[in-house]
Structures are given as structure tokens and as C-alpha cells.
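One structure is given below, encoded as C-alpha cells.
The values are calculated or read from the model by the stated rules, or taken from the named source; none is laboratory data. Source: prediction; values computed, not measured. We place every Cβ from the backbone using ideal geometry, glycine too, and count neighbours over all the protein chains shown.
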Amino acid sequence: MSFPEAHKAKGTRPEGKQPSGPGDSGWQARKSAATRNQIISSAIRCIVELSYSKTTMIKISEKAGLSRGATLHHFPSKMDMIRAVVGYLNEKRIEAFRRAIEEIPTDADMAHVAVQAYSVHVDHPIYIALFELAVAARTDNELKEILHPAQLAFDREWYRTAWDLFPEWHSDRKAFDLALNLSQQLMEGMAISNFTHARKYDKKQLLSYLEEKVRELRPPSS
């Protein structure tokens, strides 16, 4: 019996035990979504711990504690899996940044909070996984075709999110763009440096200097 047939037979309920209402079918949908997220999380751990090139569907299944067939039911190929991983990572990045900013008091030092929030973000395994995928995409056209449009979509959403969260900058979009780009490029560069350079640097000093420059760029209060 082939896998699809076996899965269908295994999932068939006895006569009289078919879903009786939205509660039953809803439970199945939640279970399926939970399994998908479990597989995606395992794929991210594989990418971070093993590298993209060594991440296989078998290793993902093992880390998730599932059979290869169960994994293939949700993601028929590695590239299907990677497409889901990239979407999941980008969504979590936006959610985490928005949550970090929205939870602070209105009278807080926003330059400090924003810089610290993004610094924590680029040190997270989520960013490490994206960095690993970005490096691999340089020589993998199939991966590049997935990653490039997803990154463009993330950048647009990231910009809109930052614009919404910092209305005090709305009077000077040019200054806002410069502050955002400066912060993003410096902190992402620092994160990459952790993987590629042995020379140590004073992270606290660099972040403090960045905060100072962001405050200088902030438009005066009306």
C-alpha cells in the first residue's frame, strides 16, 4: 500500500464515527496546524544546528519525533518546507518587534527601547536561521527564488510597522528612513560579525552610540 493510501486508511473512522459537527472537525484542524508548526520548528532547529545544506526531510522528521511519511503529508518536498519556514520566520520577526515596542510606557526613551529590541531580535535563533538561508541562497537559485520575494515582502511590512509604531517621526520621513536604515544595517552587521570575525568589539558602546545618533535625527517636537 502506498503512503497516501495508507494514510487515508489509517485516518478513516468507523461507521457512525464521522465528524458530527464543527467541534470535531475544528479539533482536527487545530491538530494539523499544531503538527505543521512542530515540523517547521524542527526544520528551523536543523538549519541553525546543522546548516541548510545538511538539513534533510529525514533529519527534520527525526527532530520532530514524527515519521517521514507524516512530515511529507504536510510538506511534500524540502522546498515546500523551506517556503513555509521563511514565511513563519518573517511573521515571527514582525510580531516580536511590534510586541516589544507596544508593551513599553509612552514616556520611555523610544530610541533606547527600539535599538535594544532590534538588538535582541538579531541575536535570536530566528535571525540565525535566516542568515544561514541567505548565505545558502547565493549559490542555490531555487532557494533564492523563495527567499528574495519573501525578504522584499518582509522589508515592506517591517517599514510599515516601524512607521506605525513611531508617529513622532512622521514630520520628517527622510530622517526616519535614515535612522531606520542606520539601525538595521549596523545591528545586522554586528550579528553577522559574530559568525564571521574572531575580533571582539564593545557591543554596548556601539549600541549607545547608535542610540545617540538616532536621537539626533529625531524631528523636534511640535
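A quick yes/no check of all residues on (1) touching a helix residue (DSSP H, G or I) at 6+ places or on another chain (Cβ under 6 Å); (2) in the same structural domain as residue 143 (by TED's automatic domain parsing); (3) at pLDDT below 90:
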{"site": "29", "(1), (2), (3)": "no, no, yes"}
{"site": "33", "(1), (2), (3)": "no, no, yes"}
{"site": "43", "(1), (2), (3)": "yes, no, no"}
{"site": "56", "(1), (2), (3)": "no, no, no"}
{"site": "71", "(1), (2), (3)": "yes, no, no"}
{"site": "94", "(1), (2), (3)": "yes, yes, yes"}
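Scanning the stretch 183-222 for residues that are basic (Lys, Arg), assigned to a helix (DSSP H, G or I) and in contact (Cβ under 8 Å) with a residue 12 or more places away in the chain gives 203, 213, 215.
Here is a yes/no grid of residues against (1) outside the structural domain of residue 214 (by TED's automatic domain parsing); (2) farther than 24 Å from residue 178 by Cβ; (3) not in a helix (DSSP H, G or I):
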| position | (1), (2), (3) |
| --- | --- |
| 114 | no, no, no |
| 118 | no, no, no |
| 121 | no, no, no |
| 128 | no, yes, no |
| 132 | no, yes, no |
| 139 | no, yes, yes |
| 145 | no, yes, no |
| 150 | no, yes, no |
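In the stretch 194-205, the condition of being out of contact with any Gly (no Cβ under 8 Å at 6 or more places or on another chain), closer than 29 Å to residue 81 by Cα and surrounded by 13 or more Cβ atoms within 10 Å (Cβ to Cβ) is met by at least one residue. A residue that is surrounded by 19 or more Cβ atoms within 10 Å (Cβ to Cβ), more than 21 Å from residue 190 (Cα to Cα), touching a residue at least 24 places away in the same chain (Cβ under 8 Å) and among the β-branched types (Val, Ile, Thr) cannot be found anywhere in the stretch 117-134. Residues in the stretch 200-215 that are over 16 Å from residue 189 (Cβ atoms) and polar (S, T, N, Q): 208 only. When restricted to residues that are in a helix (DSSP H, G or I) and surrounded by 12 or more Cβ atoms within 10 Å (Cβ to Cβ), the stretch 165-182 contains 10.
Residues in the stretch 161-179 include at least one that is polar (S, T, N, Q) and more than 27 Å from the chain's Cα centre (by Cα). Scanning the stretch 165-191 for residues that are farther than 19 Å from residue 120 by Cβ and of a type outside the set (Lys, Arg) yields a total of 11. Would you say residue 150 is under 30 Å from residue 46 (Cβ atoms), touching a Gly at 6+ places or on another chain (Cβ under 7 Å) and buried (at least 16 other Cβ atoms within 10 Å of the Cβ)? Yes. Could you list all residues from the stretch 24-58 that are under 18 Å from residue 127 (Cα atoms) and of a type in the set (Ser, Thr, Tyr)? 41, 42, 51, 52, 53, 55 - these are the residues of the stretch 24-58 that are under 18 Å from residue 127 (Cα atoms) and of a type in the set (Ser, Thr, Tyr).
When the stretch 88-136 is filtered for residues that are in contact with a Ser or Thr (Cβ under 8 Å, 6 or more places away or on another chain) and of a type in the set (Ser, Thr, Tyr), only 118 remains.
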